[in-house]
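Read the figures in this text as sums done on the coordinates, not as results from a lab. Not measured: the values here are computed from a predicted model. Here the Cβ positions follow ideal geometry from the backbone for every residue, glycine too, while neighbour counts run over all protein chains shown.
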Amino acid sequence: MKIDFHTHIFPPAIRQDRSRYFSGEAAFKTLYDSPKAKLAGVTEILQYMDTAGIDRSVVFGFPWQDGDLVMRHNDYVLDAVHRYPDRLVGLCCFSPLLQSAAKETERCLHAGLAGIGELAVYGDGLTKAVCDQMEEVMAITLDLGAIVLLHTNEPVGHHYPGKAPMTLGQIYAFVKRYSSNRIVLAHWGGGLPFYALMKREVKGALENVWFDTAASPYLYDPGIYAVVGNILGFEKILFGSDYPLLGFSRYFEEMEKAGMSMDEVAQVCGENAALLLHLED
């Protein structure tokens with residue numbers, strides 16, 4: 001089974017006139033102001049899956065700050081999951097600073113979504129204020145056994161749209177504070193896996209943490225697969241394409257360049273996600 005753990009879908013109204021949604025949503029404008037920044041819907045992602053041989057995709061929206069927009073986008077994801085339950089798994093998405101985040105989390109999880117994500121605060125990163133604000137949401141997801149997918153990025157290197165001013169210390173503080181939750185850190189966790197080589201503490205703190213590969217061809221040498229696999233185990237890596245940013249083929253080519261075995265590729269491309277999502281049957 002091939003599972004893409006990191007994909008975005010948008011309702012028709014947003015895809016047809018994205019500029020209407022720039023006001024008051026600086027992060028959305030930053031990421032999607034360029035006409036080259038693609039927006040996909042349910043039809044497009046199913047076509048992508050059929051072409052790439054993807055059995056299931058984890059789909060979610062955007063971390064809006066406006067509560068009404070959050071609900072409308074999450075409703076679109078809910079509708080997609082209910083229409084295609086054998087193809088799509090949905091996450092509830094919102095800004096971590098949204099005042100109604102806990103209520104929206106409960107609404108979406110009880111309606112059939114598998115977790116929350118991709119949560120992001122692009123302007124400030126994972127500050128203590130964000131960690132504090134997320135306390136009730138994290139308690140709800142823990143109680144319901146739901147997954148938390150969190151946007152992270154490396155604190156060094158070249159700048160690109162959506163690169164938040166976060167530090168590894170902030171990311172680490174978040175996973176330590178919510179160590180009982182099942183957390184997936186997007187984009188290789190901003191480089192956090194490398195610190196599991198330390199003799200004390202870090203590897204244990206990452207026991208309930210997984211790392212997705214979203215945007216990896218833009219960010220890292222293919223060797224990152226072998227490096228993270230050797231440090232934490234390939235069972236901790238989840239294939240995520242960040243579709244429609246990229247599709248499956250680029251990632252598979254890089255896994256081949258990394259010299260991964262067929263068993264390791266199978267783990268990364270679906271088996272790990274199936275276990276995490278309880279789809280192994």
Check: Given 231, 268, 158, which one lies farthest toward the positive end of the charge dipole of the chain, if we put +1 on the Cβ of every Lys and Arg and -1 on the Cβ of every Asp and Glu?
Finding: 158
Next item on the list: Count the net charge of all other residues whose Cβ sits under 14 Å from the Cβ of residue 190, scoring Lys and Arg as +1 and Asp and Glu as -1.
Entry: -2
Notebook entry, point to check: Taking a label point 7 Å from the Cα of residue 249 along the Cα→Cβ vector, which residues of region 49-77 have an amide N closer than 18 Å to it?
Noted result: 49-55
Note to self: Tell me whether region 142-281 comes out rounded, prolate or oblate; compute the Cα gyration tensor, take square roots of the eigenvalues as a ≥ b ≥ c, and use a/c under 1.5 as the rounded threshold.
What the structure shows: rounded
Check: Leaving out same-chain residues fewer than 8 places away, which lysines sit with a Cα under 16 Å from that of residue 103?
Finding: none
Check: Among all cysteines in the chain, which have no other cysteine Cβ under 4.7 Å from their own Cβ?
Finding: 93, 131, 269
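Give me the extension gain from residue 205 to residue 135: residue separation times 0.36 nm, minus the current Cα-Cα distance, reported in nm with one decimal.
Between residue 205 and residue 135, full extension yields 23.4 nm more.
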Next item on the list: Work out, step by step, the length gained on full extension between residue 256 and residue 111: first 0.36 nm times the residue separation, then minus their alpha carbon distance; give nm to one decimal.
Entry: 48.3 nm
Next item on the list: Multiply the residue separation of residue 279 and residue 179 by 0.36 nm, subtract the distance between their alpha-carbon atoms, and state the gained length in nm to one decimal.
Entry: 33.7 nm
Next item on the list: Tell me the label-point distance for the pair residue 50, residue 144, using the 7 Å Cα-to-Cβ offset, in nm and rounded to one decimal.
Entry: 3.2
Next item on the list: Once you have the Kirkwood Rh of region 3-276 from its Cα pairs, apply Stokes-Einstein at 25 °C and 0.890 mPa s and quote D in µm²/s.
Entry: 132
